[in-house]
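Notes to accompany the following structure.
Values in this text are rule-based calculations from the coordinates and carry no lab data. Predicted model, so just to flag it, every value in this text is computed and none were measured. In this analysis, Cβ positions are derived from the backbone assuming ideal geometry, glycine residues included, and neighbour counts consider all displayed protein chains.
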Amino acid sequence: MTAPLVLFFNGTFVNVENGAHARMRNLLRWAMTQFSNLVLYSFADHPDCPWGEKEIALFYRDYPGVELVLDRRSKALDRATKLKNACLTLAPRFAGEVLRWHVKGATPGFDRLKARGARTMIVNYADAISQLNGVDPADCIIETHDLKFLHYAKKFSRPVWDGRVMGKLRSEAYVLNAAGGLIAIAPPESAMFRLWFPHTPVFYVPSYPEAAAVSARARMAARYDLLFVGSENHFNVDGITAFLAANAAWLSRYRIALAGRVCAVQSVRDLAAQNANITLLGFVKDLEEVYGAAWAAISPVEGTGLKMKVVEALRYGKPVFASAHSANSLPPGSEGCVFPLNEASIARLFKNIPAYEAACLSALAYGAAIDGAGESEKLRALLVERMESSVRRAALEPHAVLAEAVL
């Protein structure tokens with residue numbers, strides 16, 4: 001018997017509203033094919049993505065056999081997280097000790113998991129560890145997806161050597177260094193982690209292989225020429241609005257559809273109102289139908305990490321016209337289906353039907369190949385080893401308990 005593997009994601013992801021949600025769905029689907037004793041742990045009262053009755057029902061429908069454990073965040077737990085983050089900023093070299101701090105009685109669900117021997121965890125982002133109520137970071141595999149210090153630098157247009165950026169880098173690096181393993185979504189992050197943390201297992205996983213490939217409709221009656229799918233993330237908003245505004249003249253020849261929460265942002269709505277060729281589809285659950293109705297996808301987005309929207313489009317057999325960042329974060333071999341995002345590149349492919357058909361086939365093949373390009377098998381081996389080791393650890397290690405009165 002093995003202890004359960006726990007996946008932690010703060011808030012629900014079942015509606016798949018952004019790239020982090022899509023990555024978590026991909027991870028959980030893969031884990032379901034690899035492990036029989038699987039737990040999803042989360043906080044029910046996330047301010048933006050809470051777990052309601054509808055979301056819980058969707059979870060059990062889409063992820064049968066996976067146990068869902070929910071806790072609610074108390075004021076004491078919120079104060080503990082703030083204290084941990086402050087200590088990680090001021091004294092990051094004590095990250096291993098700080099992240100073990102535990103507020104007694106604040107998370108009954110999490111405490112019951114630990115009592116069952118659950119130690120091995122995959123957590124999303126470095127800052128998620130401080131949200132948990134006391135863990136040994138060496139038991140945690142961090143699914144990085146984004147690097148917070150780079151995200152901050154790009155969001156506020158600051159150089160990486162800026163004082164505040166370096167401060168965030170320092171605290172994040174100490175947390176990553178204390179972890180039991182790191183999962184990188186793109187080649188640059190993978191290389192950087194291996195250079196910075198030579199004694200920490202690093203796994204490059206651009207996409208987790210799933211039990212069944214996404215069905216693809218490479219061609220059907222297209223209602224749109226170009227499709228952009230994105231959340232209200234500021235990188236998505238800035239990227240798509242800048243691209244549409246700067247290239248409005250030649251883009252007027254194409255039918256453009258936008259899908260996702262990005263459609264609710266006022267600046268995006270204003271652009272759509274000024275351009276009759278732009279259609280706002282809003283949040284769409286059936287992306288297969290939307291992709292099937294488009295000739296190609298676009299990703300005029302900067303930011304950090306691999307863009308899940310690009311991988312998703314390729315899996316649906318759609319060529320992608322991408323920004324330099326969106327293209328460069330992909331594994332090698334995308335040249336036949338990912339093209340520069342400019343007027344000449346789009347016109348060239350759309351005018352050459354055989355070339356377009358070849359690009360669709362290349363997209364399907366490349367999308368499938370991404371699953372095999374990473375190190376998910378090595379990750380699985382480490383998780384199995386850690387889970388078997390957890391069973392042999394008879395008693396829970398003592399927590400550094402933070403007094404309720406202090407919090």
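Structure summary
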| item | result |
| --- | --- |
| Net charge dipole size for the chain [Lys, Arg +1 and Asp, Glu -1 on Cβ; Debye, nearest 20] | 340 |
| Anchor Lys114: lysines whose Cα lies under 21 Å away (excluding residues fewer than 8 positions away in-chain) | Lys84, Lys104 |
| Hull-based mean projected area of the chain, where the convex hull spans the alpha carbons, in square nanometres | 20.0 |
| Normalised alpha carbon radius of gyration of the range 224-370 [divisor 2.2 N^0.38 Å] | 0.95 |
| Three-way shape label, the range 70-117, alpha-carbon gyration tensor, a/c 1.5 | oblate |
| Sum of -39500 (n - 2.57) over DSSP H runs of 4+, divided by residues of the chain (222 nm, nearest 500) | -13500 deg cm²/dmol |
| Potential extension, Phe156-Asn247 segment - 0.36 nm per residue separation minus Cα distance | 30.3 nm |
| Förster radius 35 Å - calculated FRET efficiency between Asp286 and Asn37, Cβ distance, rounded to 0.05 | 0.65 |
| Cα-centred dipole magnitude for the range 224-370, charges only on beta-carbon of K, R (+1) and D, E (-1), debye, nearest 20 | 120 |
| Gain in span if fully extended, Ala191 to Leu90, counting 0.36 nm per residue against the direct Cα distance | 33.6 nm |
